[in-house]
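The values are calculated or read from the model by the stated rules, or taken from the named source; none is laboratory data. Note that the structure is predicted; figures quoted are calculated from it, not measured. Reconstructed Cβ throughout: ideal geometry from the backbone, glycine too, with neighbour counts over all protein chains shown.
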Amino acid sequence: EVSPAARRSAELEAEITTDPSRFRILTGDRPTGPLHLGHYFGTLQNRVRLQRSGVELGLVIADYQVLTDRDVAEDLQEHVTGLIADYLAAGIDPDEAMIFTHSAVAALNQLLLPFLSLVTVPELQRNPTVKDEISHSRQSGVSGLMFTYPAHQAADILFCKANLVPVGSDQLPHLELTRTIARRFNDRYGPVFPEPEALLSAAPLLLGTDGAKMSKSRGNAIMLRSSTEDTARLIRGAKTDAQRHITYEPRSRPEVASLVLLGALCSDRDPVEFAESIGRGGAAVLKAEVTEAVNARFAPMRARRAELAADPAYLHRVLRQGNTRANRRAEATLAEVREAMGTDYE
Ligand code: ATP
Ligand code: MG
């Protein structure tokens with residue numbers, strides 16, 4: 001059975017193929033660590049593909065959002081340049097994409113206050129992704145930012161008037177809030193914003209080696225840049241189950257299914273067929289095959305990433321250029337917002 005979001009994503013793909021110039025993407029990542037295979041198959045691969053097909057692409061490095069689930073954002077410099085290296089290694093074109101950080105675009109934050117006025121406290125409180133993140137939070141208490149960052153994220157998306165957001169399924173509640181904010185703003189003050197839509201990939205929720213969502217901060221992730229040895233070690237330690245026969249049954253056997261899916265995605269095969277090819281070989285053969293598929297698939301990207309990471313001055317230039325463009329666009333949108341709200345006094 002197909003979820004409504006997946007069905008809508010398939011329709012969107014057809015619309016994008018017909019007219020890519022109608023679409024503008026904004027999506028992004030928190031600089032909490034290097035990107036992993038969940039990012040790649042959940043959203044990064046789509047970003048690269050859509051950019052190549054002619055869709056305009058903006059990428060926010062959500063540095064203020066790091067503070068939602070921890071008290072201090074650590075190693076930001078390293079994580080920010082690391083993310084840019086991951087983007088470019090994966091095939092993002094830095095001359096076309098607008099890559100920027102939250103903290104460099106002050107005008108974007110100006111949208112947060114009117115946006116917060118458009119949502120109710122219960123709407124912020126019942127967000128299932130926020131609840132899940134609170135349960136894994138390392139923060140001493142639950143901060144106000146934890147509940148309000150989805151509204152801040154609406155500002156990221158809406159200041160550049162993006163209408164397409166390639167994301168993993170954990171982001172669907174946030175995107176719903178962005179649509180609500182856009183709709184209510186337009187109703188109250190006049191039409192300024194598009195109502196953006198989520199674009200899911202074939203792997204909207206890749207699981208990590210422990211069977212939970214693969215996640216930078218949960219220690220269960222295989223990174224784009226991981227070495228072949230680390231990849232082998234991580235996959236060897238992955239959780240499976242007691243059944244010897246390997247099948248692809250995401251509902252009843254999530255851990256095995258996620259390994260199968262990873263192997264299938266890396267070798268462009270169908271997961272059911274990938275599972276059948278292992279059959280009675282059991283978890284050991286499955287893990288060996290998945291390791292080989294991951295290492296073969298990512299070898300060229302890993303080599304490119306190592307080269308890019310060796311030139312931080314270049315990565316900083318890419319960011320500077322993106323920040324300049326983002327500021328220009330944010331100022332333009334803020335001017336429209338001021339006019340619509342009647343706060344353009346001078
Ligand atoms: P953190 O643990 O620090 O929150 P994260 O791994 O959740 O890191 P984010 O920066 O929060 O990564 O998410 C960036 C983007 O990647 C989002 O669009 C999110 O939906 C997507 N994404 C993250 N993890 C996965 C996953 N396991 N499967 C599919 N998509 C994912
Ligand atoms: Mg996250």
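Quick look at the numbers
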item: Hits in segment 300-320 (condition: free of Cβ contacts under 8 Å to residues at least 24 places away in the same chain, part of a helix (DSSP H, G or I) and not charged (D, E, K, R)); result: Pro300, Ala303, Ala313, Tyr314
item: Number of positions in segment 249-306 that are of a type in the set (Asp, Glu), surrounded by fewer than 18 Cβ atoms within 10 Å (Cβ to Cβ) and either more than 19 Å from Pro204 (Cβ to Cβ) or not assigned by TED's automatic domain parsing to the domain that holds Ala232 (or both); result: 3
item: Residue match in segment 53-66 (condition: in the same structural domain as Thr81 (by TED's automatic domain parsing), closer than 22 Å to Ala212 by Cβ and in contact with a Ser or Thr (Cβ under 7 Å, 6 or more places away or on another chain)); result: yes
item: Criterion: touching a residue at least 60 places away in the same chain (Cβ under 8 Å) and in a helix (DSSP H, G or I) - qualifying residue of Leu59, Leu108; result: Leu108
item: The lone exception for Arg70 - which of (1) farther than 28 Å from Ala212 by Cα; (2) within 15 Å of ligand 2 (Cβ to nearest atom) it fails; result: (1)
item: Conditions (1) within 30 Å of Leu112 (Cα to Cα); (2) in contact (Cβ under 8 Å) with a residue 60 or more places away in the chain; (3) among the polar types (S, T, N, Q): number failed by Thr324; result: (2)
item: Pair list, Cβ < 6 Å and 6+ apart or interchain, from segment 123-150 residues that are free of Cβ contacts under 8 Å to residues at least 12 places away in the same chain and more than 16 Å from Ser217 (Cβ to Cβ) to residues that are within 13 Å of ligand 2 (Cβ to nearest atom) and not hydroxyl-bearing (Ser, Thr, Tyr); result: Val142/Ile134
item: Whichever residue in segment 173-184 is in contact (Cβ under 8 Å) with a residue 24 or more places away in the chain and not polar (S, T, N, Q) and, among such residues, is farthest from Arg47 (Cα to Cα); result: Arg184
item: Qualifying residue in segment 27-46 (condition: within 14 Å of Leu199 (Cα to Cα), among the aliphatic types (A, V, I, L, M) and surrounded by 19 or more Cβ atoms within 10 Å (Cβ to Cβ)); result: yes
item: Asp187 vs. criteria surrounded by fewer than 22 Cβ atoms within 10 Å (Cβ to Cβ) and among the charged types (D, E, K, R); result: yes
item: In segment 17-38, the residues that are within 21 Å of Ser227 (Cβ to Cβ), within 12 Å of ligand 2 (Cβ to nearest atom) and either touching an Asp or Glu at 6+ places or on another chain (Cβ under 7 Å) or of a type in the set (Ser, Thr, Tyr) (or both); result: Thr32, Leu35
item: From Asp156, Asp69, Asp86, Asp170, residue being among the acidic types (Asp, Glu), within 13 Å of ligand 1 (Cβ to nearest atom), in contact (Cβ under 8 Å) with a residue 40 or more places away in the chain and under 19 Å from Glu195 (Cβ atoms); result: Asp156
item: Residues satisfying the stated conditions in segment 217-252, i.e. within 16 Å of ligand 1 (Cβ to nearest atom) and in a loop (DSSP other than H, G, I, E, B); result: Gly219, Asn220, Ala221, Ile222, Leu224, Arg225, Ser226, Ala238, Lys239, Pro250
